[in-house]
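Q: Okay, handing you the structure first.
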Amino acid sequence: MSREAFHLLLERYLQNRCTDEEKEIIEKWYGMLDKHDMEDVDSTQISALEQKLWDRIHESAIVVEGEVPVRKLKSHNRPSRALVAAVAAIVAGFVIITAYIFFTGDSKKPEFLAAAVADDINSIANNTLQPMLVNLEDGSTVILQPKSLLKYPKHFSKTIREVTLKGEGFFEISKNPSRPFLVYNSNVITRVVGTSFIVKTNEIANETEVTVKTGKVIVSPNSGSLSFKIDEILKSAKGVVLTPNQKTVYSASENTFATTLVDKPLPIAKNSKQPSKENYSFNDSRVADVLNQLQKSYGVEFVVEDKELYNYTFTGDLSEQNLFSQLDFLCESIQATYQVKETKIIIKEKSKT
């Protein structure tokens with residue numbers, strides 16, 4: 001069996017396309033590893049773990065039919081859930097190992113860095129103490145914060161717009177659905193077609209925060225870090241979709257996203273860079289109507305646990321207050337409380353004591 005066939009078989013197992021005999025073989029492979037082989041593994045040990053299993057496979061006669069003769073395996077009972085999970089974990093681990101071979105431990109790089117010569121790349125470093133405005137050829141702009149570095153091609157390709165960022169930048173992207181805009185950093189890739197957002201990296205904590213002001217973005221891990229624990233390998237961080245007033249913090253060490261509302265939500269801008277100005281003056285208005293107004297203005301979803309609260313009425317002017325102050329005022333008047341849960345705001349009656 002070749003190394004390539006070995007990995008293809010493991011991938012088929014993940015996709016549930018193996019024959020019963022192949023499943024038995026993979027489970028037998030798993031049994032070849034000692035328990036201590038499955039303890040914490042970092043990126044420097046991945047290839048050694050694979051090599052150990054590869055060597056043990058060749059020491060035995062258990063291979064896939066068509067390569068060399070297959071040893072007849074004794075029938076056995078259906079494996080326990082724990083065994084199936086463990087087998088899936090080690091198989092998933094080898095899929096990551098395959099990726100490791102291709103990426104050699106580095107984060108994915110945009111095409112322009114791989115294909116272009118140095119003269120075709122703009123590299124802007126903000127070594128000042130003030131934010132720096134960078135204008136891109138497509139009409140997009142970036143406000144680059146101090147101690148930040150932006151790289152981008154002098155001419156974007158016809159199909160995609162890509163830049164790399166180290167540090168913090170506020171992006172306002174010109175809308176062009178046929179040419180998506182991608183921002184790469186060491187932890188995540190942020191994909192947009194037309195919006196404004198902030199990307200901020202904390203190198204000490206190995207975290208990246210993405211905050212959306214307008215539009216919608218998709219944030220995905222830029223999988224380069226392969227330090228992991230085998231028992232956590234099935235946890236997948238495929239990415240998140242963010243809309244205005246939402247943010248996510250990606251932890252590279254944990255391979256997780258923590259998504260919530262921004263600290264100070266603003267009314268969503270409409271056809272301009274300035275927040276919309278809405279009328280927040282209410283006179284004997286149903287709470288349902290007040291919440292609909294706030295939801296429309298901020299793009300925030302409200303969940304009312306006690307439906308009778310919808311029929312309460314509210315009178316007051318919330319115009320000069322931020323969203324959370326508005327909610328404080330509203331909830332106090334109707335004897336309710338609220339809490340932020342991820343990207344939603346939950347409203348319920350105060351507990352009666």
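Q: What is the calculated FRET efficiency for LYS147 to GLU21, with r their C-beta to C-beta distance and R₀ = 56 Å, to the nearest 0.05? If you can, show how the numbers build up before the last one.
A: Values: r = 58 Å, r/R0 = 1.04.
It comes to 0.45.
Q: To continue, here is another question. Could you order ARG161, ARG179, ARG191 by accessible surface area, starting with the largest, using a probe radius of 1.4 Å?
A: Details: ARG161 0, ARG179 50, ARG191 100 Å².
Highest to lowest solvent-accessible surface, that is ARG191, ARG179, ARG161.
Q: Now for a separate question. Please list LYS154, LYS147 from largest to smallest accessible area, probe radius 1.4 Å, with all protein chains kept in place. Write down the numbers at each step before the final one.
A: On the way: LYS154 90, LYS147 185 Å².
Ranked list, largest accessible area first: LYS147, LYS154.
Q: Can you compute 3J(HN,Hα) from phi for each residue in region 194-208, using the Karplus curve 6.51 cos²θ - 1.76 cosθ + 1.60 with θ = phi - 60°, rounded to whole Hz and x for Gly and Pro?
A: Calculated HN-Hα couplings, in order: x, 5, 10, 7, 10, 10, 9, 10, 9, 5, 5, 7, 6, 10, 10 Hz.
Q: What are the ³J(HN,Hα) couplings of region 159-168, residue after residue, when phi is run through the Karplus curve with 6.51, -1.76, 1.60 and θ = phi - 60°? Round to Hz, x for glycine and proline.
A: With the stated coefficients, region 159-168 comes to 10, 7, 10, 10, 9, 10, 10, 10, x, 10 Hz.
Q: Got a sec? What order do SER325, SER333, SER251 fall in by accessible area at 1.4 Å, biggest, i.e. largest, first?
A: Numbers: SER325 45, SER333 65, SER251 15 Å².
The residues order as SER333, SER325, SER251, largest area first.
Q: Please compute the length gained on full extension between TYR310 and SER325, using 0.36 nm multiplied by the number of residues separating them and subtracting their Cα-Cα distance. Walk me through the numbers before you get to the answer.
A: Working: separation 15, 0.36 × 15 = 5.40 nm, distance 1.94 nm.
My answer for the length gained is 3.5 nm.
Q: Calculate the FRET efficiency for LYS341 and GLN130 from the Cβ-Cβ distance with a Förster distance of 30 Å, rounded to the nearest 0.05.
A: Values: r = 38 Å, r/R0 = 1.26.
Efficiency at R0 = 30 Å is approximately 0.20.
Q: How high is the FRET efficiency from ILE121 to THR243, r the C-beta distance, R0 56 Å, rounded to 0.05? Please list the in-between numbers first.
A: On the way: r = 32 Å, r/R0 = 0.57.
Given R0 = 56 Å and the Cβ-Cβ separation, E is 0.95.
Q: Calculate, in nm to one decimal, what ILE334 and ASN202 gain on full extension: separation in residues at 0.36 nm each, minus their alpha carbon distance.
A: On the way: separation 132, 0.36 × 132 = 47.52 nm, distance 4.12 nm.
Length gained between ILE334 and ASN202: 43.4 nm.
The values are calculated or read from the model by the stated rules, or taken from the named source; none is laboratory data. What you see is a predicted model; the values in this text were computed from it and never measured. Positions of Cβ are generated from backbone atoms using ideal geometry, with glycine treated the same way; all protein chains shown enter the neighbour counts. With ligands, DNA and RNA removed, areas are computed over all heavy atoms of the protein, side chains included. Shrake-Rupley method; radii C 1.70, N 1.55, O 1.52, S 1.80 Å.
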